[in-house]
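> Can you keep this structure in mind? I'll have questions shortly.
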Amino acid sequence: GDLRPAQAAMGAEPDVNQPAADLPGSVPQGGQWAAPATGGGASENHGQTKTSQPTEMSQPESGAKDGTNVNSSKGDADLETQLDDLKIATMSNMVEDVDLPMGDSIAKCKFLYLTTRQAGKLTQDEMPKVREKLDLPPPDMVIRLMPSHFGKEWWDGFKNFKGRFPAKTTPELTDEDQEKVQHQMLLLAKEVILPFAIRTRALVIGSDGCSLTAAFLKVSAATQKRYGSDCPFRVLIFASAYFFTATVSDDKNATVRHFFAKSDPWKRKMEMGTIHGALSGKYGEDEAYWPRFDLVPGRYALIIFECLSDGSEGKSRISDQSPGNFINDFISSLWEVPAIAVQTYGTDHMKVMPTIAEHVSRGSSLLLIDSRERGFSTAKMEAKVKEELARKKQKREEPQDLQPTQSARDENEHEPT
């Protein structure tokens, strides 16, 4: 580290009174970097000998600072990961209280936003703690409103998409049919599901874009308001953040904005444009065809999933795998509680079928409802069979001639089997 001998060899007179550690190019005590090269020996300049100047210390200091920044950033990331793990383990500061306006009253909601990493970290063992933080007491019954898409709530979120693909207008063929089914669904929720939920002190589980969930929230609003905190049933809704991205950006009066305002992680992803990039990859660059869903006002607990994963070229993409695993673990944690699932309408590419199969494999009840009134029905078939059997019986009881006439023989030949 002492350059005085080298300076003497090159013809320069070192300052013997200057400490070695203070000389230019020297390595500090404990050494953090190597001494810079001198760039060779002496060079001739008009007959005068000139020594090469040692490299200034600013470059090593700058390099040290850059290295410190890199290490600091990595340290911050590690610290953030540790804090995230601690929050997941304790569920501390993860659930937010949201006041949702409902006419002349305010609905108190619990809100949990889960990043993909958080949803993957929460296992079945942590689900009782999740329910506790969401103010969901142990239920006596679980009513699963399976995703019932392609109704009014679904197409309200895909207005332009429906016009782009007219064949997607399923399962109802006309607007009149859809209005009729919507009315029947409200009756189903009011006269069947709601009384059953009250009587069994049930946990009702729904999802975004589901017409059956929307119908139940509408008919149960008055009951929840009347009972208040003593309401015998609870409602939990699972939702995906990307369904609400365009709504949050464009509609300041949307119901979902009350929840968005409470989630810093969700806002950060929006500011970074991460969700927008993933939506472009799934639905195309034209935002007119992006989903624009909104939440139905009500009193419920809401879990929204980030639904992002690493894609190609470092870009994020939409992924529903992590939410699916979380929901399966959540339901599995209630395996001792009787459960019934209700589903109507349909889902895109029948994505709900594995969930239905798993539900049935546990021995739980399932009610599938056809939303379309068919021209052929079992009741009509049974009436037709009874009518045919009665006609044959009557014919057998009629007296028969020993020698049937030609017309009788022709009739017997065409007798249906």
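The values are calculated or read from the model by the stated rules, or taken from the named source; none is laboratory data. What you are looking at is a predicted structure, and each value in this text was computed from that prediction instead of being measured. Note that we place each Cβ from the backbone using ideal geometry, even for glycine, and neighbour counts take in every protein chain shown. Remember, those area values only see protein heavy atoms, side chains included, never the ligands or the DNA or RNA. Shrake-Rupley method; radii C 1.70, N 1.55, O 1.52, S 1.80 Å.
> Heavy atoms only, probe 1.4 Å: what % of the accessible area of region 89-220 goes to carbon and sulfur, would you let me know? Numbers along the way, then the final one.
Working: 3360 of 6370 Å².
Taking all protein chains in place, region 89-220 shows 53 percent carbon and sulfur surface.
> Taking all protein chains together and a probe of 1.4 Å, list 149, 183, 349, 276 from the most accessible to the least accessible.
Listed by decreasing accessible area, they come as 349, 183, 276, 149.
> State, to one decimal in nm, how far the label point of residue 82 lies from the label point of residue 388, with both points 7 Å from Cα in the Cβ direction.
Here the modelled spin labels are 7.9 nm apart.
> Label points 7 Å out from Cα along the Cβ direction at residue 125 and residue 361: separation in nm?
Label-label distance for residue 125 and residue 361, simple model: 2.4 nm.
> Kindly state, as a whole number, the per residue volume in cubic angstrom of the convex hull around the alpha carbon atoms of region 192-320.
Measuring per residue, one finds 118 Å³ for the Cα hull of region 192-320.
> For an R0 of 60 angstrom, estimate the FRET efficiency from the Cβ-Cβ distance between residue 380 and residue 287 and round to the nearest 0.05.
0.80
> Next question, about the same structure. Which net charge results for the neighbourhood of residue 208, defined as the other residues with beta-carbon distances under 11 angstrom from its beta-carbon, given Lys and Arg at +1 and Asp and Glu at -1?
Details: positive: none; negative: 153, 294.
My count for the surroundings of residue 208 gives -2.
> Rounded to the nearest whole Å², what accessible area per residue is found for region 92-164 with the 1.4 Å probe?
On the way: 3500 Å² over 73 residues.
On a per-residue basis, region 92-164 sits at 48 Å².
> Now, a different point. Once neighbouring chains are kept in place and the probe is 1.4 Å, which whole percent of the accessible area of region 297-379 is contributed by carbon and sulfur? Each step should come with its number before you reach the end.
Working: 2460 of 4590 Å².
Carbon plus sulfur share of accessible area: 54 percent.
> Further question: Expected output is a single nm value to one decimal: the length gained when fully extending between residue 135 and residue 368, i.e. 0.36 nm times separation in residues minus the C-alpha distance. What is it?
80.9 nm
> Please list, by residue number, everything in region 261-289 whose backbone N is under 20 Å from a paramagnetic label point 7 Å out along Cα→Cβ of residue 160.
273-289
> Show me 315-325, 278-288, 234-244 ranked by packing, highest mean number of other Cβ atoms within 10 Å first. Provide the component values of the computation, followed by the final result.
Working: 315-325: 17.1, 278-288: 15.0, 234-244: 23.3.
Top to bottom by mean Cβ count within 10 Å: 234-244, 315-325, 278-288.
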